[in-house]
Amino acid sequence: MAPTDPDFRAVDHLLAALQRESPEFGAPIPDIADTQRQQLAMLGPLYREWNAKINVISRKDLDAFFTRHVLHSLAMARVLRPESGSRILDVGTGGGFPGIPLAILFPDADFTLCDSIGKKIKVVDAVSNAIGLQNVQGVWGRAESLTDRPPFDFIVSRAVTRMPAFLDWVRPLVHDTHRHGVANGVFYLKGGDLAEELAPVQEPITVWSLANVLEDPFFETKQLLHVALA
């Protein structure tokens, strides 16, 4: 199934939003190639098809798929710029977010997408193969089981659990030497008032409001957190 004109328009709209200047939230994302634009647009028909078989996205969210899943995921790219060969782990990826959109944007980084529900990893693998991603590996399992793998530069996720518990899961997985402008650690998308939740966290935390760049009402309370673990 090929992308429709609305799919391409949605992609162009989200790219334009992420390329706005805003001193309060990182830097505009880099320009992308036509191949990457095509891959992003293909996510529309692929997730519509797979969601009819395996419910990985709510119907309400599917109707706003590019805003609530692709744009939300790519907001990380305002501050996350992985070097070639970087290792990135997406914990609790669900159907592939934020990992798959980020893997499209950063084809020279290696992405591992894990989830404890096998049917969701089936969707991750199918979508990755369909759009020709060579830098994504789906893993059926919990993050805590990945301690036998080489360490990761960054952990990414979307509101899997409360931050203190999440950090307990992933601390052993983060490389202790960093080579980026931002410290190795966690990039985490979450909404609401996080003051109480973050109070126990001892590591340095940076918080950006997505509403500084993304004007859709969906992002009004959405935030991106970076927790430095190295």
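If you go through segment 184-206 and keep only what is surrounded by fewer than 13 Cβ atoms within 10 Å (Cβ to Cβ) and either of a type in the set (D, E, K, R) or under 17 Å from the mean Cα position of the chain (by Cα) (or both), you end up with Asp193, Glu196. Looking at Ala130, Ala126, Ala109, just one residue is surrounded by fewer than 22 Cβ atoms within 10 Å (Cβ to Cβ), touching a helix residue (DSSP H, G or I) at 6+ places or on another chain (Cβ under 6 Å) and at pLDDT 95 or above, and that residue is Ala130.
Selection of segment 14-29 for residues being in contact (Cβ under 8 Å) with a residue 40 or more places away in the chain and under 18 Å from the mean Cα position of the chain (by Cα) yields Leu14, Ala17, Leu18, Phe25, Gly26, Ala27, Pro28, Ile29. Based on what the data block shows, is Gly181 at pLDDT below 95, assigned to a loop (DSSP other than H, G, I, E, B), more than 16 Å from the chain's Cα centre (by Cα) and surrounded by fewer than 14 Cβ atoms within 10 Å (Cβ to Cβ)? Yes. Screening the candidates Asp12, Asp7 for the property of being out of contact with any helix residue (DSSP H, G or I) (no Cβ under 6 Å at 6 or more places or on another chain), outside any loop (DSSP other than H, G, I, E, B) and farther than 21 Å from Lys119 by Cβ yields one hit, Asp12. When segment 149-178 is limited to residues that are among the β-branched types (Val, Ile, Thr) and part of a loop (DSSP other than H, G, I, E, B), the one that is farthest from His72 (Cα to Cα) turns out to be Thr177. Within segment 51-70, can one find any residue that is over 21 Å from Ile121 (Cβ atoms), among the aliphatic types (A, V, I, L, M) and under 16 Å from the mean Cα position of the chain (by Cα)? No, because not a single residue in segment 51-70 is over 21 Å from Ile121 (Cβ atoms), among the aliphatic types (A, V, I, L, M) and under 16 Å from the mean Cα position of the chain (by Cα).
The values are calculated or read from the model by the stated rules, or taken from the named source; none is laboratory data. None of the values given here were measured: they were computed from a predicted structure. Please note: Cβ atoms are built from the backbone with ideal geometry, for glycine as well, and neighbour counts cover all protein chains shown.
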